[in-house]
């Protein structure tokens, strides 16, 4: 799918590191990634509203929104009144080809910046989730589905591609299925496909890659499924969410990477 096609359907924009070099450079600014994520997650907002969420000045958020608009990441939304401009995200997902992005230092830097932002979003979402559990803001039915799973399977490149394809297709099906269900809530879902090179003979690992519990008993690496045992979670999304359907998250695996 071309960039222009994705602009027309309003859901996905595929960036080309050569054609969209200036746009990529603009997007890698941490505050711009954050602003785009907030617009995708929470919907249209003014510079003042985004300033309140981020702790930045209205002048700063207004400037960075104009930069995002220059490169077609955001656009003016319908105004509630004539007093202040409102902004909306142009697309729900920004995608790229890992192979194309890896061909230049600028492309690699852009991907690295957006990946780091996703990890920051996950940490912020975990903090919010734990606060929600403690406060009892969700029903008991959300206890079992919540959690973090850490796996280290052994896969071929082809299997990794297939895993991502099946996951994305099933997620799209379930999202459409639950679209009109009043019980449906925004759920932070982040996937990572990060192949690790074999260790050189005679050298030990430079970092612990066995998972958070240090489990080394499984042939394929660690398997940790951290389920919440608290009473509830919140209907309120993480305040600093860079991902989620409409936030600034990313999928960057065997196929095109993307930032939601």
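See the values below:
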quantity: Selection count, segment 1-27, where residues are at pLDDT 85 or above and either over 17 Å from residue 66 (Cβ atoms) or within 16 Å of the chain's Cα centre (by Cα) (or both); calculated: 11
quantity: Qualifying positions in segment 36-53 - modelled with pLDDT of 95 or more and out of contact with any strand residue (DSSP E or B) (no Cβ under 9 Å at 6 or more places or on another chain); calculated: 48, 51, 52
quantity: Count - residues of segment 173-195 that are part of a helix (DSSP H, G or I) and under 29 Å from residue 130 (Cβ atoms); calculated: 3
quantity: Selected residue (criterion: nearest to residue 198 (Cα to Cα)) from residues of segment 124-180 that are in contact with a helix residue (DSSP H, G or I) (Cβ under 8 Å, 6 or more places away or on another chain) and at pLDDT 90 or above; calculated: 155
quantity: Residue under evaluation residue 62, criteria (1) in a helix (DSSP H, G or I); (2) under 23 Å from residue 118 (Cβ atoms); (3) over 16 Å from the mean Cα position of the chain (by Cα); (4) at pLDDT 90 or above, criterion not met; calculated: (2)
quantity: Residue in segment 70-82 that is in contact with a helix residue (DSSP H, G or I) (Cβ under 9 Å, 6 or more places away or on another chain), assigned to a helix (DSSP H, G or I) and surrounded by fewer than 16 Cβ atoms within 10 Å (Cβ to Cβ) present; calculated: yes
quantity: Residue count for segment 133-150, restricted to those that are surrounded by 13 or more Cβ atoms within 10 Å (Cβ to Cβ), in contact with a strand residue (DSSP E or B) (Cβ under 9 Å, 6 or more places away or on another chain) and not in a loop (DSSP other than H, G, I, E, B); calculated: 3
quantity: From 55, 107, 102, 43, residue being surrounded by fewer than 14 Cβ atoms within 10 Å (Cβ to Cβ) and over 30 Å from residue 185 (Cβ atoms); calculated: 102
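The values are calculated or read from the model by the stated rules, or taken from the named source; none is laboratory data. Model, not experiment: these values are computed from the prediction. Note that we place each Cβ from the backbone using ideal geometry, even for glycine, and neighbour counts take in every protein chain shown.
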